Amino acid sequence: MPDTIQKLDAAARKAPVVPVIVVDSVSAAGPLARTLVKAGITIAEVTLRTPAGLDAITAMKAEAPELLVGAGTVLTGRDADAALKAGAEFLVSPGMSPGLRDALKGRESVMISGIASASEAMTRHEEGFERLKLFPASIAGGVPALKALAGPLPHLRFMPTGGINEDEVKTYLNLPNVFALGGSWIASQADIAAGNWARIEDIAKRLLALA
């Protein structure tokens, strides 16, 4: 997928807020996809934390082909293969293990690898990972850490995720090395399970207005 980065960057320029989604039932995937597109969201990360994750990716792509849907919580090579087979257009990991690294086999451009330090960021970049995730952002230094990394590593671009609250969204997105940010509270597991589509749409629109 040589054009994955281009697709991600183009979608993020339109809407740099990425819902990190936990879906309990695949029946919610279609309405959720429609809601996100209606709100102006262009990228969604569906985590593999529930048995419904893979089927939800397939269903969301079928319902909203214009939505860039990726798989999150990719921990193993088996996860990566299954997610791509289900239709995921990019992958996100909380970090990188030797096993996952070996299993990617030249698919580094599809993965947004989690990092928590300058050394990890440099290593992942040397290995061919073009976009990185500062995770968990609130613990790994947040905005000050990203500002510090921008000095010696201005060529790297990040999607901070983990512990970011709504009040911080604009500050993060104003950083030149942040191309997008992720958050599970944009479309929470509870709201998805309850079918609170209007609430999800309102939150997404509010955050995109900040961006």
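Being without any contact (Cβ under 8 Å) to a residue 24 or more places away in the chain and surrounded by fewer than 16 Cβ atoms within 10 Å (Cβ to Cβ) narrows it down to one of S113, S97, so name that one.
S97 is the lone residue from the list that is without any contact (Cβ under 8 Å) to a residue 24 or more places away in the chain and surrounded by fewer than 16 Cβ atoms within 10 Å (Cβ to Cβ).
May I ask you to list pairs of residues, at least six apart or on different chains, whose Cβ atoms are under 7 Å apart, with the first in segment 50-63 being at pLDDT 95 or above and the second being among the polar types (S, T, N, Q) and open to solvent by less than 60 Å² (accessible area, probe 1.4 Å)?
Pairs found: A52/S25; G53/T47.
List pairs: first in segment 65-87 and touching a residue at least 40 places away in the same chain (Cβ under 8 Å), second open to solvent by 20 Å² or more (accessible area, probe 1.4 Å) and in a helix (DSSP H, G or I), Cβ under 7 Å, 6+ apart or cross-chain?
Correct list of pairs: L68/K7.
Would segment 41-48 turn up any residue that is among the charged types (D, E, K, R) and either part of a helix (DSSP H, G or I) or farther than 23 Å from V178 by Cα (or both)?
no
Hey, could you check segment 15-31 for residues that are under 16 Å from the mean Cα position of the chain (by Cα) and not small (G, A, S) and say which is farthest from A190 (Cα to Cα)?
Looking at the filtered set, the residue picked out is P16.
Can you tell me how many residues in segment 59-77 are surrounded by 19 or more Cβ atoms within 10 Å (Cβ to Cβ), at negative phi and among the β-branched types (V, I, T)?
Result for segment 59-77: 2.
Can you report the number of residues in segment 78-89 which are surrounded by 17 or more Cβ atoms within 10 Å (Cβ to Cβ) and assigned to a helix (DSSP H, G or I)?
6
Could you tell me whether segment 135-153 includes any residue that is over 21 Å from V110 (Cα atoms) and either of a type in the set (S, T, Y) or at pLDDT below 95 (or both)?
Yes, some residue in segment 135-153 is over 21 Å from V110 (Cα atoms) and either of a type in the set (S, T, Y) or at pLDDT below 95 (or both).
The values are calculated or read from the model by the stated rules, or taken from the named source; none is laboratory data. Because the structure is predicted, anything quoted here is derived from the model rather than measured. So basically every Cβ, Gly included, is an ideal-geometry build from the backbone, and we count neighbours across all protein chains shown. All accessible areas refer to the heavy atoms of the entire protein, side chains included, with ligands and DNA or RNA removed. Shrake-Rupley method; radii C 1.70, N 1.55, O 1.52, S 1.80 Å.
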